[in-house]
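The values are calculated or read from the model by the stated rules, or taken from the named source; none is laboratory data. What you see is a predicted model, and the numbers here were worked out from it, not measured in a lab. Using ideal geometry, Cβ is built from the backbone for each residue, glycine included, and neighbour counts are taken over all protein chains shown. Just so you know, the surface numbers come from the protein's heavy atoms only, side chains and all, with ligands and any DNA or RNA stripped out. Shrake-Rupley method; radii C 1.70, N 1.55, O 1.52, S 1.80 Å.
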Amino acid sequence: MISLASRPRKSLDILTQEVSGTLVLLNRISGEYYTLNEVGGRVWSLCDGRSVAKILSEIQAEFDAPESIESDVLEILNELASEKLVLESA
Amino acid sequence: MRNPVQTRHFKLWGFFRLAISADHSGLAAALASRLRRFTSAGAEDVDFRFEFHRTSEAEQWAGQRNLGRVVLEHPHGAVTYRDEEDRMHLNFRDWVKVLCEPGLGRTRTMIRHSKVDTVLWHVSHPLFTIPLFELLRRSGLFGLHAASLSLDDRVILFPGSSGCGKSTLSLTLLRAGFDFLGDDIAFLKPEDSGLQILGFPDEINLTEETVDFFPELGRASDLPRVPGSSKRQVRPETFYGARCLPKGRPALIAFPTVLKKKGRRSRLARMDPGEALVELAPNVLLTEARRSQGHLDAIAQLVRHSDCYRLEVGSDFDRLPMLMREVLG
């Protein structure tokens, strides 16, 4: 379960490309395909080992989002983790 | 005793040398027919070597225990890849087994002796094309399952799997004087000056129902058919005097769907390039990481630099060339 203290990182098995706001992720091992919208894509791009708290503050600033976006960001990150698109590190 | 092996040489787009050896004359002929525009004199050095051998029921396929992860499945088998060894395996039931070693530029195919006629089309088509895609990908060419035609050197791509209307579109546009790059596969070649489409001017595979829409082709039963195929093979240059172009610049991508209901009119609708990327992503065979990413990058470059549409194909085939001319401007 991803929390504010988690430090998610992108899995190295994922291929990515972005065109006109649509980010496509391909899991090279499972063969599954995913698409993310602009916010989801930005969350994904910030998964470089920084804490979720830092990811959240970046998203809030960039999208001028309300504080309630925290639950949305955590939900996105947990979905990314459950699909093994990001790997959790404590 | 081994059957005599025949070797033929080809040169793809003037730079990739290909040698194909087969111990079955019908199979050698089917492959040569597909590659007829690339025929070349023999060469000492080849870039890619394909070997096809018939085998008895009792012979075992070497190293078949762990074939790796599945990267593509089809009704009669699968394509698997082993990351550790950089090897791709393909099978068609237990009648055909293919080992592709991209690092060595080599593909070996073994066919059960008693099943050659049943699988001849599969061996000469998908089980040849998929390893060719993988070998060419290592040299920076990225395959796409699409028909490609051209008008004034602007290429229109019709991506899609079998049955989506690619061949009907190809014939309709050829009849109207468009140039031909390929009916089923094309290759993307990223260059500093932009993306090029390399054509693969294969035969066009037609159902007998499709043949009936084009009276100039004659009776379906008079057209050749490779054993194991339910379709007839047509060479576009024979019927339409089509100009086969080796390459061109992409201008338009139209994703076709055939409207089943009679009397419906064909129509084009704009499509978001991001959506086009999602539709084309399954063309990426998920084998070696760097080339798989390169493949996805090339597809993204294609959709960024092309106008993307959905094309509903109705009963009014004759309007399609006009529609395409209008949208090309």
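Output the residue which, of all residues in the stretch B:167-181 that are open to solvent by less than 10 Å² (accessible area, probe 1.4 Å) and out of contact with any Ser or Thr (no Cβ under 7 Å at 6 or more places or on another chain), is nearest to B:Leu136 (Cα to Cα).
Within the stretch B:167-181, the match that is nearest to B:Leu136 (Cα to Cα) is B:Phe180.
Could you please find all residues in the stretch B:259-311 being part of a loop (DSSP other than H, G, I, E, B), more than 7 Å from chain A (Cβ to nearest Cβ), of a type outside the set (Gly, Ala, Ser) and without any contact (Cβ under 8 Å) to a residue 60 or more places away in the chain?
B:Leu259, B:Lys260, B:Lys261, B:Lys262, B:Arg264, B:Arg265, B:Met271
Within the stretch A:13-47, how many residues are among the β-branched types (Val, Ile, Thr), more than 8 Å from chain B (Cβ to nearest Cβ) and part of a strand (DSSP E or B)?
Result for the stretch A:13-47: 1.
Check the stretch B:171-188 and report whether any residue there is of a type in the set (Gly, Ala, Ser) and part of a strand (DSSP E or B).
Within the stretch B:171-188, one or more residues are of a type in the set (Gly, Ala, Ser) and part of a strand (DSSP E or B).
Mind counting the residues in the stretch B:111-148 that are among the aliphatic types (A, V, I, L, M), closer than 24 Å to B:Gln293 by Cβ and assigned to a strand (DSSP E or B)?
Here the count works out to 2.
Listed residues B:Asp184, B:Asp202; which is in contact (Cβ under 8 Å) with a residue 24 or more places away in the chain, of a type outside the set (Gly, Ala, Ser) and open to solvent by 10 Å² or more (accessible area, probe 1.4 Å)?
Just one listed residue meets the conditions, B:Asp184.
Based on what the data block shows, is A:Arg50 open to solvent by 30 Å² or more (accessible area, probe 1.4 Å), in contact (Cβ under 8 Å) with a residue 12 or more places away in the chain and in a loop (DSSP other than H, G, I, E, B)?
For A:Arg50, the condition - open to solvent by 30 Å² or more (accessible area, probe 1.4 Å), in contact (Cβ under 8 Å) with a residue 12 or more places away in the chain and in a loop (DSSP other than H, G, I, E, B) - is met.
Looking at A:Ile2, A:Ile55, which one is modelled with pLDDT under 95 and more than 14 Å from every other protein chain (Cβ to nearest Cβ)?
A:Ile2
Identify the single condition in (1) at negative phi; (2) out of contact with any Gly (no Cβ under 6 Å at 6 or more places or on another chain); (3) of a type outside the set (Val, Ile, Thr) that B:Leu259 does not satisfy, given that it satisfies every other one.
Condition (2) is where B:Leu259 drops out.
Could you check the stretch A:17-39 and list, in sequence order, the residues that are surrounded by fewer than 20 Cβ atoms within 10 Å (Cβ to Cβ), touching a Leu at 6+ places or on another chain (Cβ under 6 Å) and without any contact (Cβ under 8 Å) to a residue 24 or more places away in the chain?
Within the stretch A:17-39, A:Gly31, A:Tyr33 meet the criteria.
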